[in-house]
Amino acid sequence: MKVLILPDEKAATQRAADIVARTVTANPAAVLGLATGGTMLPLYAALVQRHRDDGLSFAQTTSFNLDEYIGLAPDHPCSYHTYMNDALFSHVDIDRARTHLPRGDAADPQVASDEYEDLIEAAGGIDLQLLGIGQNGHIGFNEPTASLGSRTRIKTLTTSTRRANQQYFASYEETPRYAITMGVATILASRKCVLVATGAAKAEAVARMVEGPLSAACPASALQLHAKATVILDQAAAEGLKLTDYYENVHPQGQDSVFD
Ligand code: GLP
């Protein structure tokens, strides 16, 4: 696991944007795995800016989002479909026909989940998967105790996740209880993973992910099994780590090592 510690959120965001831009420039038809949440908003803003200023093109890319709330139609204002349209898709040249999110309003969410796995496979798998992390160590909506072998399926959200996401809904009661999410094994099957965590509220989860035991109790710890996982942190999110000296030694200021 590459641990890159950047001075602040802005620098962490730019570092993540550099990796996405490099991936898309090297392979314009890259398959991107996309994430939602507050952490990703400045990253998408940075990508939109690079599209406008530097001509970074998503015209040939394909995308698959991690998750969607069950019960929300794509045009629901709080759906992840709407989030992606507002944060990224409407502002870049991506072909909407090649953007994918699970359908929260599917008649049979499990069938929709299986079909989603098939679509990822048909696209040739995910080249670069972006991830955030929940305060309880979730990735996508794989809550603590999620099987490390799981594939896209229905998950029940924890009270803490619903409370964290309540800010986007009118009330706690209206915050969805269920989601369709890529599984931990779906995420691990991507060729590269880049997880971004910023702010002190993520410090404990980050420490468990990077230095804790591999355990379904912290689904993000499964990234320890991934051969090409990069974790991009700001100082605040890195606060709970014990081996910071080593990470700084390998990647001073979060930059590439001599062998990268
Ligand atoms: C949400 C999403 C995750 C996201 C996480 C953190 O519930 N399903 O994909 O990484 O929680 O969100 P935030 O970045 O807002 O802290």
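The values are calculated or read from the model by the stated rules, or taken from the named source; none is laboratory data. Everything numeric here is computed off the predicted structure, so don't read it as measured data. Reconstructed Cβ throughout: ideal geometry from the backbone, glycine too, with neighbour counts over all protein chains shown. For the accessible areas, the whole protein counts, side chains as well, though only heavy atoms, and no ligand, DNA or RNA atoms are used. Shrake-Rupley method; radii C 1.70, N 1.55, O 1.52, S 1.80 Å.
Every condition in (1) within 30 Å of ALA73 (Cβ to Cβ); (2) surrounded by 16 or more Cβ atoms within 10 Å (Cβ to Cβ); (3) of a type in the set (Ser, Thr, Tyr) holds for TYR247 except the one numbered (1).
Scanning region 107-144 for residues that are more than 16 Å from the ligand (Cβ to nearest atom), touching a residue at least 40 places away in the same chain (Cβ under 8 Å) and either assigned to a loop (DSSP other than H, G, I, E, B) or hydroxyl-bearing (Ser, Thr, Tyr) (or both) yields ALA123, GLY124, GLY125, ASP127.
Checking the structure you have, find out if any residue of region 170-184 is under 24 Å from ARG22 (Cβ atoms) and open to solvent by 60 Å² or more (accessible area, probe 1.4 Å). Before the answer, list the steps.
To start, the set of residues in region 170-184 that are under 24 Å from ARG22 (Cβ atoms) comprises 182.
Checking which are open to solvent by 60 Å² or more (accessible area, probe 1.4 Å) leaves us with none.
No, region 170-184 contains no residue that is under 24 Å from ARG22 (Cβ atoms) and open to solvent by 60 Å² or more (accessible area, probe 1.4 Å).
Among the candidates LEU128, LEU119, LEU88, the residue that is closer than 16 Å to ALA185 by Cα and crowded, with 22+ Cβ neighbours inside 10 Å is uniquely LEU128.
Being of a type outside the set (Ser, Thr, Tyr), within 16 Å of the ligand (Cβ to nearest atom) and over 26 Å from SER221 (Cβ atoms) is the requirement here; does LEU66 meet it? Considered against the rule, which asks whether it is of a type outside the set (Ser, Thr, Tyr), within 16 Å of the ligand (Cβ to nearest atom) and over 26 Å from SER221 (Cβ atoms), LEU66 comes out as no. In region 24-38, the residues that are under 16 Å from GLY55 (Cα atoms) reach residues that are of a type outside the set (Phe, Trp, Tyr) and open to solvent by 10 Å² or more (accessible area, probe 1.4 Å) with C-beta atoms within less than 6 angstrom, at least six apart or across chains, in these pairs: PRO28/GLN60; ALA29/GLN60.
Against the numbered list (1) charged (D, E, K, R); (2) more than 29 Å from ASP118 (Cα to Cα); (3) open to solvent by 30 Å² or more (accessible area, probe 1.4 Å), ASP234 comes up short only at (3).
Yes or no: TYR178 touching a strand residue (DSSP E or B) at 6+ places or on another chain (Cβ under 7 Å), among the aromatic types (Phe, Trp, Tyr), more than 12 Å from the ligand (Cβ to nearest atom) and closer than 25 Å to ALA107 by Cα? In short, yes.
Check region 230-246 and report whether any residue there is assigned to a loop (DSSP other than H, G, I, E, B), in contact with a Leu (Cβ under 7 Å, 6 or more places away or on another chain) and either of a type in the set (A, V, I, L, M, F, W, C) or under 21 Å from HIS138 (Cβ atoms) (or both). So far as region 230-246 goes, no, none of its residues is assigned to a loop (DSSP other than H, G, I, E, B), in contact with a Leu (Cβ under 7 Å, 6 or more places away or on another chain) and either of a type in the set (A, V, I, L, M, F, W, C) or under 21 Å from HIS138 (Cβ atoms) (or both).
Answer with yes or no whether HIS76 is closer than 30 Å to THR156 by Cα, open to solvent by 40 Å² or more (accessible area, probe 1.4 Å) and not polar (S, T, N, Q). Spell out how you get there, then give the answer.
Numbers: closer than 30 Å to THR156 by Cα: yes; open to solvent by 40 Å² or more (accessible area, probe 1.4 Å): yes; not polar (S, T, N, Q): yes.
Yes: the conditions hold for HIS76.
HIS251 satisfies every condition listed in (1) touching a residue at least 40 places away in the same chain (Cβ under 8 Å); (2) farther than 15 Å from PRO7 by Cα; (3) more than 16 Å from the ligand (Cβ to nearest atom) except (2).
With respect to ASP86, is the statement that it is away from the ligand (no atom under 13 Å from the Cβ), under 20 Å from the mean Cα position of the chain (by Cα) and assigned to a helix (DSSP H, G or I) true?
Details: away from the ligand (no atom under 13 Å from the Cβ): yes; under 20 Å from the mean Cα position of the chain (by Cα): yes; assigned to a helix (DSSP H, G or I): yes.
So ASP86 passes the test.
Among the residues of region 151-168, the one identified as within 13 Å of the ligand (Cβ to nearest atom), open to solvent by 30 Å² or more (accessible area, probe 1.4 Å) and part of a loop (DSSP other than H, G, I, E, B) is THR158.
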